[in-house]
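Accompanying notes for the structure given below.
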Ligand code: SDX
């Protein structure tokens, strides 16, 4: 047994994986050997899902069949839709609504009795969950607006269909491509907290619905996926304050506030995904003729990086620092940013579940007991 407690499992190797690798010093991320920059530029989200789940890029026939199998599973049944509606009416947090609705999907799972060791069945279930998450989220947002959900579009890809179900209009190609790229960037990232959560659940040979529901719960926290919403809320706070962003961030730092979107357990330099999203953010700002949000974000980054020297301390912008500004410029509600992260990361959760269960070992660490020993029992009358 290891003697020293590694709080937060910092630096502890618990598995080997071929899905993704992060070089925290070089700021490099690869999925199955492919640079994230290449995938973000050349691939589609469905192509990356296939790569993560099957280990290689698909041929055009394989991709057509795979993407088609996901398109065929987009509908959610009336019981789940009613659960979504009731949560929207109750003004539930979107990530909590997603967690509940994904768990409820198992009610209509046609292979309930599948052997958990049957990874092909797990793959089929995973396709169903991945296909339905965008439908759940779009229906939730429509119900919140007092509108009826829009049925999934039969021909659009996952990202474009999500935008279509939000508005009922076929999305602008730039918006669709931007969301598709964001889904690629968020798909997998080693053994982050939500992925590891899914693996722990899967290591007991529990079903993939349990693993994904656990992943959603872990991702919702502000130290993890919830940070993208926090970043946008900070930028809106700046916009509504009577201070310019530089004055605002100086004040925030003086008050000892931790700026969301900065810092990472693995990256000591700027997250390569943040660099790609920053470019996308600049393009959208130019196309919209409104550089404000981009300027706020870069001003805060510059101050923290240069004036505060955070990057020298290994505290740099992570994926969440620019993703919010991208989504905001597409008109997506702020509390839907982390759900979009989940819509993408389900690909990584499932990829790691399939990989780990293929050579499974129950994940069960140890804790050092520091409580009393040989305590003497005292009857309640004498306490
Ligand atoms: C994601 O793991 C992944 O791969 C996650 C992710 C993925 O794709 O799955 O990349 C997605 O979750 C990105 C991270 C999103 N979270 C945030 O942006 C929240 C703000 N950042 C942090 O709270 C923090 O940086 C964490 C939680 C992300 C990482 O925390 P660690 O590794 O436990 O580091 P720490 O909290 O111990 O901080 C180390 C030092 C501290 O300084 P000292 O007290 O040692 O002097 O860095 C400082 C911290 O004070 N620090 C910050 C800071 N984050 C850390 N200082 C100022 N601002 C910040 N945002």
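The values are calculated or read from the model by the stated rules, or taken from the named source; none is laboratory data. Every value quoted in this text rests on a predicted model; they were computed, and no experiment measured them. Note that we place each Cβ from the backbone using ideal geometry, even for glycine, and neighbour counts take in every protein chain shown.
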*Looking at the stretch 102-123, which of its residues are more than 21 Å from the chain's Cα centre (by Cα), without any contact (Cβ under 8 Å) to a residue 60 or more places away in the chain and part of a helix (DSSP H, G or I)?*
107, 108, 120, 121
_Filter pass, residue 212 being within 16 Å of the ligand (Cβ to nearest atom), touching a residue at least 12 places away in the same chain (Cβ under 8 Å), in a loop (DSSP other than H, G, I, E, B) and on the phi < 0 side of the Ramachandran plot_ = no
_Criterion violated by residue 275 - all others in (1) within 13 Å of the ligand (Cβ to nearest atom); (2) surrounded by fewer than 22 Cβ atoms within 10 Å (Cβ to Cβ); (3) within 24 Å of residue 40 (Cβ to Cβ) satisfied_ = (1)
*asked:* With the structure loaded, tell me whether residue 52 is surrounded by 18 or more Cβ atoms within 10 Å (Cβ to Cβ), touching a residue at least 12 places away in the same chain (Cβ under 8 Å) and not assigned by TED's automatic domain parsing to the domain that holds residue 158 or whether it fails that test.
replied: no
_Any residue in the stretch 223-241 that is over 16 Å from residue 253 (Cα atoms) sitting within a Cβ distance under 7 Å of a residue that is assigned to a helix (DSSP H, G or I) and near the ligand (Cβ under 7 Å from one of its atoms)? List the pairs, counting only those 6 or more apart or interchain._
224/193; 224/194; 225/194; 227/320; 228/320
*How many residues are farther than 11 Å from residue 81 by Cβ and part of a helix (DSSP H, G or I) when one looks only at the stretch 139-151?*
2
*Counting only residues that are crowded, with 23+ Cβ neighbours inside 10 Å and either modelled with pLDDT under 95 or over 14 Å from residue 106 (Cα atoms) (or both), how many does the stretch 118-137 have?*
3
*Any idea how many residues of the stretch 346-380 are over 16 Å from residue 125 (Cα atoms) and surrounded by 19 or more Cβ atoms within 10 Å (Cβ to Cβ)?*
1
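Here are 250, 270: which of them is in contact (Cβ under 8 Å) with a residue 60 or more places away in the chain, more than 11 Å from the ligand (Cβ to nearest atom) and surrounded by fewer than 22 Cβ atoms within 10 Å (Cβ to Cβ)?
Numbers: 250 fails: in contact (Cβ under 8 Å) with a residue 60 or more places away in the chain.
When all the criteria are applied, what remains is 270.
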_Single match in 93, 37, 62, 46 (criterion: over 27 Å from residue 139 (Cβ atoms) and within 22 Å of the chain's Cα centre (by Cα))_ = 37
*residue 190: under 22 Å from residue 361 (Cβ atoms), touching a strand residue (DSSP E or B) at 6+ places or on another chain (Cβ under 8 Å) and within 13 Å of the ligand (Cβ to nearest atom), yes or no?*
yes
*Would you pick out the residues in the stretch 309-331 that are more than 16 Å from the chain's Cα centre (by Cα) and either over 26 Å from residue 268 (Cβ atoms) or surrounded by fewer than 17 Cβ atoms within 10 Å (Cβ to Cβ) (or both)?*
309, 312, 313, 314, 328, 329, 330, 331
*asked:* Being out of contact with any helix residue (DSSP H, G or I) (no Cβ under 7 Å at 6 or more places or on another chain), within 12 Å of the ligand (Cβ to nearest atom) and outside any helix (DSSP H, G or I) is the filter here; which residues of the stretch 285-315 pass it?
replied: 309, 314, 315
*Failed condition for residue 261, given (1) in contact with a helix residue (DSSP H, G or I) (Cβ under 7 Å, 6 or more places away or on another chain); (2) more than 8 Å from the ligand (Cβ to nearest atom); (3) in contact (Cβ under 8 Å) with a residue 40 or more places away in the chain; (4) outside the structural domain of residue 106 (by TED's automatic domain parsing), with all others met?*
(2)
*What single numbered condition from (1) surrounded by fewer than 18 Cβ atoms within 10 Å (Cβ to Cβ); (2) within 16 Å of the ligand (Cβ to nearest atom); (3) part of a helix (DSSP H, G or I) fails to hold for residue 222?*
(3)
